[in-house]
Amino acid sequence: MRVQHLLLRLPGYLGALGPPRRLWRSRSLNSISPVGSWRGQSSRSPAHWNQVVSEAEKIVGYPTSFMSLRCLLSDELSNIAMQVRKLVGTQHPLLTTARGLVHESRHNLQLRGLVVLLISKAAGPSRVNASQNYDAVSGIYSCQRSLAEITELIHTALLVHRGIVNLNELQSSDGPLKDMQFGNKIAILSGDFLLANACNGLALLQNTKVVELLASALMDLVQGVYHENSASTKENYITDDIGISTWKEQTFLSHGALLAKSCQAAMELAKHDAEVQDMAFQYGKHMAMSHKINSDLQPFIKEKTSDCATFHLNSAPVVLHQEFLGRDLWIKQIKEAQEKGRLDYAKLRETIKAGKGVTSAIDLCRYHGNKALEALESFPPSEARSALENIVFAVTRFS
């Protein structure tokens, strides 16, 4: 089957599936800006997240949702996609990941590459780097576009690898054991393939500092995911006693390091000085942190939340709630929310919403949003800078 035909049929194979039952997921509060001091959204800033991303994509020249298709449409992965069909009817997380990569734009899996391109355009050309291939129309070096694709390949590989199921926790509704084992093999091989292509692309950039930055980001990702999975596997409804400072350190590793170091690497490719590189790093770091906290807050702020919907007990609102409440009272609340050995997430959610954790998490999200906006002040005014600001506004908007 031709690759083009495969791409057209893949949404049909995957689109009707529901979310998997189980996915590998992910104490003194540092100075946090109160809600009143937040740099509120400007009247011109689009409130809808999809609109923000769509307008930003127009600025950089093309939709970033197709960044990694050159790799995803290779013969090797087209063969893998054919094998993925065998998982239809099971609850393997790889199916949801594949469906999201093909046609679920509302999850914006390609955000990191978009930010790399925007900050590259916002910084503009370097005075000492006139020899490289600079696109005067889009305002982005060709090597920076390659870096954006590499960043997305690494992130996509991580998503695929995180779709590996713990076979010891399988339930009969998840699907046959042999199919779940097969899905794990496909997730490992396809994720490794994407990482190999990313490494090859890094080598072609011929910049050792950029290679070091992305290699260290990959190391941070592995370390951060290890912490998350360690907490998940031993989570018997009593979470680790970590403070918000430790949570922020671990979250930066698993969710912020790749974007922050990719933004810095984009400045390095354009030969910008250390100060500009640091500002790009700070924007990537704080924007990613704000985005993660916003994601953690969704189960607590959505008007329509399913009573059976779960949330991670090491998410930002829960960690802050536990910190304000104290360990002993938190354990008591956990036990009160258990019924017949199972945790009643709806009951626990209402308990957390009645405390200070949710409002403090909103403050923390806006704090990181303000830090990201401060970093952008070192870049000259432009459409790209405005788009980066609008992304922050969209992430920190809770009305």
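The values are calculated or read from the model by the stated rules, or taken from the named source; none is laboratory data. Because the structure is predicted, anything quoted here is derived from the model rather than measured. Neighbour counts are summed over all protein chains in view; Cβ atoms, including those assigned to glycine, are modelled from backbone coordinates with ideal geometry. Each accessible area value is taken on the protein alone, full model and side chains, heavy atoms only, with ligands, DNA and RNA left out. Shrake-Rupley method; radii C 1.70, N 1.55, O 1.52, S 1.80 Å.
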If you take the beta carbon distance between Y226 and V128 as r and set R0 to 45 Å, what does 1/(1 + (r/R0)^6) give as a FRET efficiency, to the nearest 0.05? 0.70
Report the FRET efficiency, 1/(1 + (r/R0)^6), for A203 and E336, where r is their Cβ-Cβ distance and R0 is 45 Å, rounded to 0.05. 0.20
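Measuring with a 1.4 Å probe in the full set of protein chains, what accessible area per residue, in whole Å², belongs to the range 274-395? Don't skip to the answer; put the middle values down first.
Working: 5360 Å² over 122 residues.
On a per-residue basis, the range 274-395 sits at 44 Å².
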So how much slack lies between T359 and K58, counting 0.36 nm per residue of separation and subtracting their Cα-Cα distance, in nm? 104.9 nm
The lysines whose Cα lies under 20 Å from the Cα of K261, excluding any fewer than 8 residues away in the same chain, are K121, K209, K248, K271, K285, K292, K371
Ordering of 244-253, 144-153, 325-334, 385-394 by packing [mean C-beta count within 10 Å, highest first]: 144-153, 385-394, 244-253, 325-334
Check Y141: other-chain or 5+ apart residues with amide H under 5 Å from its amide H, H built from backbone geometry? D135
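Using Cα pairs closer than 8 Å and at least 6 residues apart in sequence, work out the relative contact order for the range 274-399, in percent. Please list the in-between numbers first.
On the way: 124 pairs, mean separation 49.7, N = 126.
Computed value for the range 274-399: 39 percent relative contact order.
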Pseudo-spin-label distance E212 to L189, built 7 Å along Cα→Cβ, given in nm, is 3.7
For the pair D278 and E303, the simple spin-label estimate (label points 7 Å beyond Cα toward Cβ) gives in nm 4.5
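Using 0.36 nm per residue of separation minus the Cα-Cα distance, give me the extension gain between D328 and Q51 in nm, one decimal. The partial results should precede the final answer.
Working: separation 277, 0.36 × 277 = 99.72 nm, distance 4.46 nm.
Length gained, D328 through Q51: 95.3 nm.
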